[in-house]
Amino acid sequence: MIRGKFITLEGTEGVGKSTNLLFLKDFLEHRKIPTVITREPGGTLLAEKIRHLLLDPDSETITETAELLLVFAARAQHIKHVIEPALAQGNWVLCDRFTDATYAYQGGGRNMKISTIEWLETTIQGPLRPDLTLLLDAPIEVGMDRAQKRGKLDRFEAERLVFFERVRRAYLLQLELNPERIKLIKANQDLPDVQRSIADALRVFLR
């Protein structure tokens, strides 16, 4: 059986990842490509519990190291029980965030050592990396305005704008370092234009 492809969507808050993940699923399934949608942190029962701990705005103060380790603990479960089995069965896995988010949020936002993240990435993931990453990018003010309209902010969404500016810069650095894998999608366009850009990137990938 031919192994499936692993596609991730990345970006800061309010850039439309959830909406465009469904568009991506429909685009591929229209072409008879079987897909599995998942998210990080999360994807398994235990990983979703870790997600709740990480996002709960009322939790005790989580140290930066604890946050990073929790992210990778959830990822280890996710890879073992969802991502790898689905890929091995020939499904294409579509994931809302993956390790690029760790470089952006913990590396950029929290100013954690990139070498530590790299070591954990290699230790937890082995050779697994996304085949394609779509980076939805928009000015921070645009994304945060959208996020605030959704209701109560989670622990990350409640961070200050300067935190998200660091996150965005870290994402754009990942784009610079991985131009073959990561494709920039301007998310401050109207939704039809965003999805047209996603479709164009997918057509190139499918060639």
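The values are calculated or read from the model by the stated rules, or taken from the named source; none is laboratory data. These figures come from a predicted structure and were not determined experimentally. Glycine also receives a Cβ, built like all others from the backbone with ideal geometry; neighbour counts cover every protein chain displayed.
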message: Of all residues being modelled with pLDDT under 95 and among the acidic types (Asp, Glu) in region 26-68, which is surrounded by the fewest Cβ atoms within 10 Å (Cβ to Cβ)? Just the residue, please.
response: ASP58
- line: Considering region 29-50, residues that are outside any loop (DSSP other than H, G, I, E, B) and β-branched (Val, Ile, Thr), and then whichever is farthest from PHE156 (Cα to Cα), we arrive at THR35
task: State all residues of region 141-177 that are at pLDDT 85 or above, surrounded by fewer than 15 Cβ atoms within 10 Å (Cβ to Cβ) and in a loop (DSSP other than H, G, I, E, B); if no residue qualifies, say none.
output: ARG160
field: Residue within region 185-202 that is under 16 Å from VAL15 (Cα atoms), more than 17 Å from the chain's Cα centre (by Cα), of a type in the set (Asp, Glu) and at pLDDT 95 or above present
entry: yes
message: For region 123-142, which positions are among the polar types (S, T, N, Q) and under 21 Å from LEU94 (Cα atoms)?
response: GLN125, THR133
field: Only listed residue being of a type in the set (Asp, Glu), in contact with a Gly (Cβ under 9 Å, 6 or more places away or on another chain) and over 27 Å from PRO139 (Cβ atoms), chosen from GLU48, GLU13
entry: GLU48
- prompt: Counting just the residues of region 79-106 that are over 23 Å from GLU64 (Cα atoms) and of a type in the set (S, T, N, Q), which one comes out surrounded by the most Cβ atoms within 10 Å (Cβ to Cβ)?
  reply: ASN91
message: Can you say whether ASP190 is in contact (Cβ under 8 Å) with a residue 60 or more places away in the chain, surrounded by fewer than 18 Cβ atoms within 10 Å (Cβ to Cβ) and of a type outside the set (Ser, Thr, Tyr), as far as the supplied structure shows?
response: no
message: Here is a list: GLN148, GLN189. Which entry is touching a Lys or Arg at 6+ places or on another chain (Cβ under 9 Å) and not charged (D, E, K, R)?
response: GLN189
- prompt: Residues of region 10-25 being within 12 Å of VAL194 (Cα to Cα), touching a helix residue (DSSP H, G or I) at 6+ places or on another chain (Cβ under 8 Å) and either among the acidic types (Asp, Glu) or assigned to a helix (DSSP H, G or I) (or both), which ones?
  reply: THR19, ASN20, PHE23, LEU24
- request: Name the residue, out of PHE98, PHE72, that is at pLDDT 95 or above, touching a Pro at 6+ places or on another chain (Cβ under 8 Å) and of a type in the set (Phe, Trp, Tyr).
  value: PHE98
- prompt: What are the pairs, 6+ residues apart or on separate chains, where a residue within region 42-69 that is at positive phi and touching a residue at least 40 places away in the same chain (Cβ under 8 Å) has its Cβ under 7 Å from a residue that is in a helix (DSSP H, G or I) and of a type in the set (Val, Ile, Thr)?
  reply: GLY43/VAL82
message: Go through (1) free of Cβ contacts under 8 Å to residues at least 60 places away in the same chain; (2) under 15 Å from the mean Cα position of the chain (by Cα); (3) more than 20 Å from VAL36 (Cα to Cα) for ALA104 and report which single condition fails.
response: (1)
